[in-house]
Every structure is written in structure tokens, then in C-alpha cells.
């Protein structure tokens, strides 16, 4: 995934101007008023935690729980990095929302034909070589975009060189790695980052799914074997005349 | 057959009518006003009562069908043949309620067929959807003779029943496998939500746990239904069978309790057992209803052999089972989501109406089809069994 793109959000640089929110809404044709929390009409928001501004958006996991959850494959991790959503496949089961460890996808609860809404890292723009709208709009480069390798290198450099940073790049371990990274000078727990298992989430279900052939084979053979015994016993009873064969005719004539 | 002989039935009809009326309004609210006006679901609790009660409990309570069918057709427990139709009918209607439930649970129900052509084999829900489709078909086929034998054309009837008999063993075998996979996969759905599901309920063995709890719950539900049939419709069944089934339920509950206990201990959930939280209370309610009370009651001979006591014991098992499923699907998410979900009345109404519809269908099926023996096989034999 050498071409895979990633975003780095440097919380120490964000001034809370909400240009990213506005740019996002403009590009996606959403109502312009600012919102406090992620919603179907706010795919990225600035949350205030103390005197820090924390941007929230889809983390674009490397191995997304939502994509493994989606039964019709509407959610996909692209080569380019973004996790895209194909509304034409969605059946509205909302398992992606249950599955997302970052609680990002939003559902259009108020609509009669509801879809899932989430940031897709401006996939359509990135395909054309343009940066995500939010990154482009940031006046202080609190958000930057690049290849995942470049971005990780940059994040590591900043965290290592400047002692003010917390020695953790949020997104390197969380959910087995993401394509959106955060660095901060305040511990992440204090900024509303919920603890997320440090593993690829789909692995959790892969074991259960991997057991299917075994269960089917072993269980099937076992049941078939037991039936063979039952059947044999019945045959013996029939042969000994201790049991009547089953017939499906009302009278004795016809098929048996 | 109906009405006039049991005056009490009118009360029931009024109740059913009220439930259907409320359900009709709830359906209107769901489809004409949307989720927001008809449910209390939010992004922090995207699955609520319709999934927790409608789907998880509906499927679990239907586990009796595959267990009894496998016991009769594959393992040769001939005595259970007299209740196999009841068990299959219960499962079939149970799965129908789940499918109907999907129609209002899904945001875009007219796309319910999508999983047939759009595949994601990494998704547990994909496997669940296929199991539901296939197993509902299997149940429909297992149930079909009860309707087909009423067809007045002899040739057609005989032909169908003949072929049905030819494939029946295969159906039962496939049904048992599909159902087993499916029961476990419902628990598997929650594996992905690690970190969101409370430690009292999260475990990598959730699939196993769902399976181990569904079988006793399904058997208990079957006992309840058989008892209700014999009581209200004057149908006959060997009481000894119910006692025997209860003697199967008790060890199954033991196995489940043992497994659950060891799992809680090894997963570290045990540290939460006595914390002062609402979750703790609901956890112990679940344990009391599903494990402790039934095991104590079923150890009493007096209760095992008395159908009415047995009925209430089984009701406890089913109630405990439902508590467990609602705990996994709702309670377990409360702390992590910080949202206190209480279903809207329309959510209750729609689920209740669906289940009631299945109940009414069951009533008419038992009344007009050959589900349970209509005449006592031998009165004296029954008395003996009851006394023994």
C-alpha cells in the first residue's frame, strides 16, 4: 500500500477555527451550521476538551471493523486509504455502527430512507490527486496529508524531537492501525479518546468464521453416523417384523 | 371448535385486537414517520429491542425445533415423535417472526434480498442472513406436510408426502447444522464490538455461550407450548415426555452455568460480579432466572412430574434466557456508550404484535391441522404416566 494516504492531526497546532468543518460541509453539500458532535450532517467536528481542540472523523482503519461487519460489502477499505460507503448496497442493518470501535458512523434516524453517513477522507477528491477538503482548508497545518509512510515518519519526528508531546501516536496501535493519526501534548484519555483494543478487529470474528467448515464437517458426520445407527436398528426391527414400514397411501394400492 | 365452547376466548380476542391495533399504529409510525419518531434508537445504541428481543430471543426460543427433530429422525427417539410437529411449528413460526421483524428493523427493508447477490464472507451477519434464509426454508419444508396432508387431491398429496419422506432425513440433518451455526453466530455478532460490550458479557466464546443457552431455552419453550396445547385444546400428549425433556434441560443448564462461570473467571469478568452497578443487578437476575431457580426447581421430582409446575419452571428458563439476550444486546452497551436506552412504546407494540400474530397462527394451526394427537392413545397409560 505504498500509495495509501493518511492524515495527521496535530492537536497542539489546532486553533479551533472550524475551517475544516466548514470545508467538509461545503464539499459534501451539507447544511453549514456548526455542530458539536458527529452527525449525519457533520462528518468531521471540532470537540473542545479543556483548552484543546480535538477533531473527530472516520479513522479509516487499515483493517476496518465496519467493512468486515457489513454483510453486503457496502463499506470498503480502498487502496488509497479511505474507507468508502456504497449507499446503493446498504440494507440499513446498522451493524457497522455497532462494530466501529471509534463510534464514528452516523445513521439518518430522522429520514424515511435512511443511510449511514461518515467521513470517507474525500475519496473522490483524493482519486483526482486533490487533498481532503478539511486538510486543504486548515490555515495552520494542524491537519496534513501524505502517504501513510510519510505521515507516520513526520509524526514520529515531531513526537521524538519535541518533549511536549505525549509519547504515543494515536492510530498506530488502535484497532490494529488506522490512516488517521493524532499527536497531542495532553494525554489522549483526557481528550475524549475512548480506549480501543490494540488489535485488528476483524480477527475477532475470523476465528468463529473459520470454525464453520469444521463444525459443518464434524457435526454433519456425527449426525449422519448417528442416523446410520438409528436406520440400521429400524431395518432390523422391520426384518424381524416388529415394526410396520411407513406408507403414504390412503389405501394399500399405489406407491409405498 | 372455537368461540362458543370457551367463553373466555372473547377476552383473549379483545386483548389480541388491542395488541394488533397498537401494532398497526406502531407500524405506521415506523414506516410513515421513521425511526426517530417510532424508536428511541440512537447512534450509541443502534440495535435495541427489535434486535435484542425480536431477533435474538425469537431465534433462540425456536431452537427446540431442530433439537426435537434431530432427536426423533436422526437419533431414533420415537417417543418424541408425538411432539415433533409442535416443535417444528413453534420454530417455523418463531423464524417467521424474525423475518417479519427484519422488515421493520432494517432501515431499507425492500433491500432484504441484497445478501443473496452481494456477498461479504468476512461478515458474521452475512453468515447469519444466509442461515436464516436457508433454515427458514428448511423449516417451511419440514412444516409443509401438515398443510399438504389437507390437500383434497390424493395423487398430489401422496406424491408430495412420498418425496418429502425421501428428503426428510437430509432436511433434518441440514437443519440441525444450520440452526447450530446460526444460534452461535448470533453471539458471534458481538465479538466485533470488543471494548464496547461489558466484561460481564463479553467473551471470545460468546458463540458457544449463545448455542449452549439456546438449546435449553428452546426445549423449555417447546414444553410450554405443548403444555398450553394440551390444556386449552384438549390434545393429548404423554406427560412422561415433558418430564424427560426437563431432565435434559437441567444438565444443559449445568453445562452452560459451568462454562459461563469458568469463562467469567478466565476473562476477568469475575472482577465485576459484585460491583455496585445496574449491570450487576441485571446480571444476577439473568443468572437467577436462567440457572439457579430452574436447576433448583428441576431437581424436585414433584415439579418435574407435574405439568403445571413444569410449565412455570420452563417459563422461568425462557424469561432468564430473554434477560440474557437483552443484557448482551442492550445492558452490556450502557457503560461504554453512556446512553441509557429505554425502548419507546411503539417498539414494544410492534414486537408484541408480531409475536401475537405468531401465537394466533399457532392457535389456528393447532386447531385445524394435525399437530398433536387428538384422541388419547390410551387413557389408562396417560394416568399411569401422570402418577408415576
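The values are calculated or read from the model by the stated rules, or taken from the named source; none is laboratory data. If you're wondering where the values come from, they're calculated on a predicted model, not measured in any experiment. Every residue, glycine among them, receives a Cβ derived from its backbone with ideal geometry; neighbour counts consider all protein chains shown.
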| request: Just name the residue that is farthest from the other protein chains (Cβ to nearest Cβ) out of those in the stretch A:43-68 that are more than 19 Å from residue A:181 (Cα to Cα) and out of contact with any strand residue (DSSP E or B) (no Cβ under 8 Å at 6 or more places or on another chain). | output: A:51
| query | From B:206, B:159, B:134, B:181, which residue is touching a residue at least 40 places away in the same chain (Cβ under 8 Å) and farther than 30 Å from residue B:264 by Cβ? | reply | B:134
| remark: Taking the stretch A:168-200 and keeping residues crowded, with 21+ Cβ neighbours inside 10 Å and either in a strand (DSSP E or B) or within 14 Å of chain B (Cβ to nearest Cβ) (or both) leaves A:170, A:174, A:175, A:180, A:181, A:182, A:183, A:196
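Yes/no per residue for (1) loosely packed, with under 14 Cβ neighbours inside 10 Å; (2) touching a helix residue (DSSP H, G or I) at 6+ places or on another chain (Cβ under 6 Å); (3) at pLDDT below 90:
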site	(1), (2), (3)
B:239	no, yes, yes
B:252	no, yes, no
B:263	no, no, no
B:266	yes, no, no
B:278	yes, no, no
B:282	no, yes, no
B:289	no, yes, no
| said: Pairs needed: first member in the stretch A:209-229, facing chain B (nearest Cβ under 7 Å); second member anywhere, loosely packed, with under 13 Cβ neighbours inside 10 Å and not in a helix (DSSP H, G or I); C-beta distance under 8 Å; at least 6 residues apart or different chains. | reply: A:209/B:121
| message | Among (1) more than 16 Å from residue B:43 (Cβ to Cβ); (2) buried (at least 21 other Cβ atoms within 10 Å of the Cβ), there is one condition residue A:95 misses while meeting the rest; what is its number? | response | (1)
| request: Taking the options A:15, A:11, name whichever one is surrounded by 18 or more Cβ atoms within 10 Å (Cβ to Cβ), touching a strand residue (DSSP E or B) at 6+ places or on another chain (Cβ under 8 Å) and either more than 14 Å from chain B (Cβ to nearest Cβ) or touching a residue at least 12 places away in the same chain (Cβ under 8 Å) (or both). | output: A:11
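Every residue, every condition in (1) modelled with pLDDT of 90 or more; (2) surrounded by fewer than 18 Cβ atoms within 10 Å (Cβ to Cβ); (3) under 19 Å from residue B:53 (Cβ atoms), yes or no:
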| position | (1), (2), (3) |
| --- | --- |
| B:310 | yes, no, no |
| B:313 | yes, no, no |
| B:347 | yes, no, yes |
| B:362 | yes, no, yes |
| B:365 | yes, no, no |
| B:370 | no, yes, no |
| B:376 | no, yes, no |
| B:386 | no, yes, no |
| When you go through (1) under 15 Å from the mean Cα position of the chain (by Cα); (2) more than 9 Å from chain B (Cβ to nearest Cβ); (3) not in a strand (DSSP E or B) one by one for residue A:103, which number turns out not to apply? | (2)
| request: With respect to residue B:156, determine if the residue is loosely packed, with under 13 Cβ neighbours inside 10 Å and more than 7 Å from every other protein chain (Cβ to nearest Cβ). | output: yes
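For (1) part of a loop (DSSP other than H, G, I, E, B); (2) touching a helix residue (DSSP H, G or I) at 6+ places or on another chain (Cβ under 9 Å); (3) modelled with pLDDT of 95 or more; (4) surrounded by fewer than 18 Cβ atoms within 10 Å (Cβ to Cβ), each residue gets a yes or a no:
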| site | (1), (2), (3), (4) |
| --- | --- |
| B:25 | no, yes, yes, yes |
| B:29 | no, yes, yes, no |
| B:70 | no, yes, no, no |
| B:79 | no, yes, no, yes |
| B:85 | no, yes, no, no |
| B:93 | no, yes, yes, no |
| B:97 | no, yes, yes, no |
| field | Qualifying position, being under 30 Å from residue B:272 (Cβ atoms), under 17 Å from the mean Cα position of the chain (by Cα) and buried (at least 22 other Cβ atoms within 10 Å of the Cβ), among B:184, B:179 | value | B:184
| said: Looking only at helices (runs of 4 or more DSSP H) that lie completely in the stretch B:230-345, which have at least 3 residues being closer than 24 Å to residue B:371 by Cα? | reply: B:239-267, B:307-329
| query | Which residue pairs have Cβ atoms closer than 6 Å, lie 6 or more positions apart in sequence or on different chains, and pair a first residue in the stretch A:185-205 that is without any contact (Cβ under 8 Å) to a residue 60 or more places away in the chain with a second residue that is assigned to a loop (DSSP other than H, G, I, E, B) and surrounded by fewer than 17 Cβ atoms within 10 Å (Cβ to Cβ)? | reply | A:198/A:173
